[in-house]
Each structure stands twice: as C-alpha cells, then as structure tokens.
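One structure below.
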Amino acid sequence: MALAVTLVLIAVGAVVFHFVSPWQLTPIASNWHAMDDALWLTFVITGVAFVVLHLFVAYALVRFRHRAGHRASAAHGNPRLEWWLVAVTTAGIIGLLAPGLVVYAKLIDPPASAQVFEVMGRQWQWHYRLPGRDGKLGGAGTQFITGANPFGIDPRDAHGQDDVLVQGQELHLPLNRPALALLRAQDTLHDFYVPQFRTRMNMVPGMTTQFWFTPERTGRYEVLCAQLCGVGHSNMRGWVVIDEPAAYAEWLAQQPTFAGATAGGAGGSGAPGSSGLPGAPGGPAEPGKVGQLLAQQKGCMACHSVDGSRGVGPSWKGLYGSTEALEGGVTAKVDDAYLRQAINAPQASVVRGYPPVMPPAGLTDAELAAVVDYIKTVR
C-alpha cells in the first residue's frame, strides 16, 4: 500500500511541478512557433503516458495485493487487449514523430529571399562570414585554412575577395528578414544553437549543414554549442544581435572584407614571401594585435582569460615574466622560450593545478611569435 501511495504522489507531483516550475521556455524570437507546438505536444503525450502508467501500477498493487484465502490464477493471451495496446502505442509514436518530421522538412528548406551567412565552429569559438557586395560567398577548402584564414577561403576565387569576415564573437542580422545559416566544423562535432530562435543543427567536419529562421524580435541572444566538443565546450559561446535594418547596415559597413584583412587578398595562402598573417606584410597596426586575432581564431581565449580569472588553463594576465610552478615540483620563468614550448608542446611543462588537456597548437613560427608578442601585452 505504501508503494502504491508513493507512485500516486510521484504522478501528481510531476504534473504540479511542471506547471509551477521556475524553468520555462525562453521567449521565442523567431518564426519557428511550430517548434514550441511540437514540444508541447511531446510534453502532453509523454506526460499522459507517465501519469497513466504510474496510476495503473498503483492500481495493480492495490487490486492484486496478497490477501489471505485468495489464490492467483494464470491467464494466457488477450487479443483484444493486445490490439488496444498496439493501436495506442502506434498513435503515440506517430504523434511524437510526425510533427517533428514536418517541422524539420521546413527547417532545411529556406525561402529564396533568405540572407546567407556562414558559421565556422572550431574549438572553442565561432567564426562568421557574410557575402559581400556580389551577394555570393567565395569557395573554401581545408587546404587554405590558416590562422589568418579560418574559413579556408580560396584566395583565387573572385567571389571570396569581398566576403565580410565578422570580427569577434558577435554576429548581427537584420530584423524580419529570413536568414540561412550554413554551418561548417573545422575540427570536431559542434552544434550552433540559439535557444530563443528554437533552431539548432549539428556541424560535422567535412560537410555543410544548414537551417533557416526569420528573426522577429530585436535583441542580443547568446549562442551556445549543443555538442560536447572538448574541455572548453562550456566556454564556446557568442552572440547574435538582431538589429533594425538601418542599424544592421551601419554595423555591416564597419566589418572588414577578406581582401582587406589579408595581404592582397592572399588569405594566408602560404605563397612564398607571405607570412599568412592578418595585415602582412606591413605588420600589425599595434603591438600584439595580430597575436590577439590569432588567439581568438585558434580558440585560445576559451581556456585562457586575460583578466586574471581562472579558466581551464592559466590566465594570461601578467603571465609574461612571472614564475610558474610546474608538475613535478619544478618552476619555470615565463619567457619567450617557455611560451613557445607551452603553446606548441604543452605536455612538456604542465602548470601545477591545471589538467594536462591542452592539445598542441600547431602554429607556424610567424604565428607563434605573434601570439607570444600578444601575451607580453596582457598586463
């Protein structure tokens, strides 16, 4: 009897908690209201099944409990009951799957007027690219990927020279215009997810996935990675800002193009005499600027802070010139040689108190020197 009462209380408590819980859906900011409808239908079907099963088990415990003088009798087969169970289960599965399949078919079929933007996921940051004045994204390939060219834009493709490369982790999009997201991953599985848009999609290395949405509310919305992509997964965050058309045009005009961000549009192609760094060969406009861009593009900032706060790895604030305590009871002076080894061969000198999880950065000599120069400026 106690178990039956417990099951009834669990069923009732689950229903009450669902309605009084402080954890509710974020306000929707896109056209995908059908996502919420499908979610609520799922809640209803699974909730009814949950309650019915708990109450049935509680009823069976009471109805068929042991009583003196009563003996159980065996019964084999009940076609009518079995057909009812098959019919109800089939209806429930159809109710769970069909709405999602219908919505998914629409999610990956964008309208012709959709504005294209590309998202590149890389441990552990987002990179964004928009078409330039010609309205077309340039071709890209893994053979062209460098620290200065994270998208791997083909420097020989004329359509790529005016591509807009978004600086930092904040993408802007115009209000009430359909937007088509083209998603690529450079290293491992990622998932581009903005809860308020109700849309998300896996990003798989070697292929391009897509979905579309129409922003319906202005605001600043956080981007999350919805796939466990490594030790810096929780720090793989960014922002999508939805602007009125005029504000969006003003922001877009301030973003650099591929040709403007690289030496003659070379995009770090590795041509003889080219360093492959932003602004080369003239060099950065200020000390450490190139290294800062590389650190952002390589995902270093997901694990190393610049404000002194503790992360997956040591903070870079005041790091240069300090003395680090390493595993094994030894210490090391943080100079150029130490930083070069720590970046490209991190397992050789693990800082005490931090997990040995950093992979080799694989930077070229020019890139390594730029990042070291940047660390020197973080005070």
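The values are calculated or read from the model by the stated rules, or taken from the named source; none is laboratory data. Just so it is clear, the model here is predicted, and its values are computed rather than measured. With ideal geometry, Cβ positions are generated from the backbone for all residues, glycine too; neighbour counts draw on all protein chains shown. The area values use the complete protein model at the heavy-atom level, side chains included, leaving out ligands, DNA and RNA. Shrake-Rupley method; radii C 1.70, N 1.55, O 1.52, S 1.80 Å.
Determine the pairs where a residue that is in contact (Cβ under 8 Å) with a residue 40 or more places away in the chain and part of a loop (DSSP other than H, G, I, E, B), located within segment 306-334, has a partner that is aliphatic (A, V, I, L, M) and open to solvent by 50 Å² or more (accessible area, probe 1.4 Å) with Cβ atoms under 6 Å apart, the partner being 6 or more residues away or on another chain.
Sorted first by the residue in segment 306-334, then by its partner, the pairs are V312/V231; W316/V306; K317/V306.
Here is a check on your reading of the model: is V86 under 25 Å from T46 (Cβ atoms), β-branched (V, I, T) and open to solvent by less than 60 Å² (accessible area, probe 1.4 Å)? Talk me through it step by step, then tell me what you get.
On the way: under 25 Å from T46 (Cβ atoms): yes; β-branched (V, I, T): yes; open to solvent by less than 60 Å² (accessible area, probe 1.4 Å): no.
No, not satisfied.
I'd like to know if segment 346-357 contains one or more residues that are assigned to a helix (DSSP H, G or I), closer than 20 Å to G299 by Cα, modelled with pLDDT of 85 or more and open to solvent by less than 30 Å² (accessible area, probe 1.4 Å). Step through it out loud before you land on a result.
Filtering segment 346-357 down to residues assigned to a helix (DSSP H, G or I) leaves 346-348.
Then drop every residue that is not closer than 20 Å to G299 by Cα, which leaves 346-347.
Filter once more, so that each one left must be modelled with pLDDT of 85 or more: 346-347.
Okay, now just the ones that are also open to solvent by less than 30 Å² (accessible area, probe 1.4 Å), so 346.
Looking for residues that are assigned to a helix (DSSP H, G or I), closer than 20 Å to G299 by Cα, modelled with pLDDT of 85 or more and open to solvent by less than 30 Å² (accessible area, probe 1.4 Å), one finds at least one in segment 346-357, hence yes.
Among the residues of segment 8-31, which ones are open to solvent by 30 Å² or more (accessible area, probe 1.4 Å) and touching a Leu at 6+ places or on another chain (Cβ under 9 Å)?
V8, L25 - these are the residues of segment 8-31 that are open to solvent by 30 Å² or more (accessible area, probe 1.4 Å) and touching a Leu at 6+ places or on another chain (Cβ under 9 Å).
From the list D191, D243, pick out the single residue that is touching a strand residue (DSSP E or B) at 6+ places or on another chain (Cβ under 7 Å), over 15 Å from Q115 (Cβ atoms) and either modelled with pLDDT under 95 or crowded, with 17+ Cβ neighbours inside 10 Å (or both).
Details: D243 fails: over 15 Å from Q115 (Cβ atoms).
Unique residue meeting the criteria: D191.
Between a residue in segment 355-379 that is within 19 Å of Y320 (Cβ to Cβ) and among the small types (G, A, S) and any residue that is assigned to a helix (DSSP H, G or I) and open to solvent by 40 Å² or more (accessible area, probe 1.4 Å), which pairs come within a Cβ distance under 9 Å, given they are 6 or more apart or on different chains?
That search, which allows pairs on different chains as well, returns A361/N344; A369/D336; A369/R340; A370/K289; A370/Q292.
Do you know which of the residues in segment 113-159 that are closer than 19 Å to T209 by Cα and among the small types (G, A, S) is nearest to the chain's Cα centre (by Cα)?
Taking the candidates together, the pick is G121.
Looking at this structure, is D162 under 14 Å from the mean Cα position of the chain (by Cα), more than 30 Å from L39 (Cβ to Cβ) and surrounded by fewer than 22 Cβ atoms within 10 Å (Cβ to Cβ)? Write out each step before concluding.
Numbers: under 14 Å from the mean Cα position of the chain (by Cα): no; more than 30 Å from L39 (Cβ to Cβ): yes; surrounded by fewer than 22 Cβ atoms within 10 Å (Cβ to Cβ): yes.
For D162, the condition - under 14 Å from the mean Cα position of the chain (by Cα), more than 30 Å from L39 (Cβ to Cβ) and surrounded by fewer than 22 Cβ atoms within 10 Å (Cβ to Cβ) - is not met.
Please verify whether K333 is more than 20 Å from V357 (Cβ to Cβ), touching a strand residue (DSSP E or B) at 6+ places or on another chain (Cβ under 6 Å), among the charged types (D, E, K, R) and open to solvent by 40 Å² or more (accessible area, probe 1.4 Å), treating the condition exactly as stated. Break it down stepwise before answering.
Working: more than 20 Å from V357 (Cβ to Cβ): yes; touching a strand residue (DSSP E or B) at 6+ places or on another chain (Cβ under 6 Å): yes; among the charged types (D, E, K, R): yes; open to solvent by 40 Å² or more (accessible area, probe 1.4 Å): yes.
So K333 passes the test.
Within segment 115-140, count every residue that is open to solvent by less than 10 Å² (accessible area, probe 1.4 Å) and assigned to a loop (DSSP other than H, G, I, E, B).
Residues flagged as open to solvent by less than 10 Å² (accessible area, probe 1.4 Å) and assigned to a loop (DSSP other than H, G, I, E, B) within segment 115-140 amount to 1.
Name every residue in segment 278-309 that is of a type in the set (A, V, I, L, M) and at pLDDT 60 or above, in order of residue number. Outline the logic, then answer.
Residues of segment 278-309 that are of a type in the set (A, V, I, L, M), as a first pass: 280, 285, 290, 293-295, 301-302, 306.
Of everything in segment 278-309, those that are of a type in the set (A, V, I, L, M) and at pLDDT 60 or above turn out to be V290, L293, L294, A295, M301, A302, V306.
How many residues does segment 304-315 hold that are of a type outside the set (G, A, S) and over 16 Å from Y374 (Cα atoms)? Spell out how you get there, then give the answer.
Keep residues of segment 304-315 that are of a type outside the set (G, A, S), which gives 304, 306-307, 310, 312, 314.
Filter again for over 16 Å from Y374 (Cα atoms), leaving 310, 312.
Here the count works out to 2.
Just need a number here: residues in segment 43-55 that are farther than 10 Å from A11 by Cβ and open to solvent by 80 Å² or more (accessible area, probe 1.4 Å).
3
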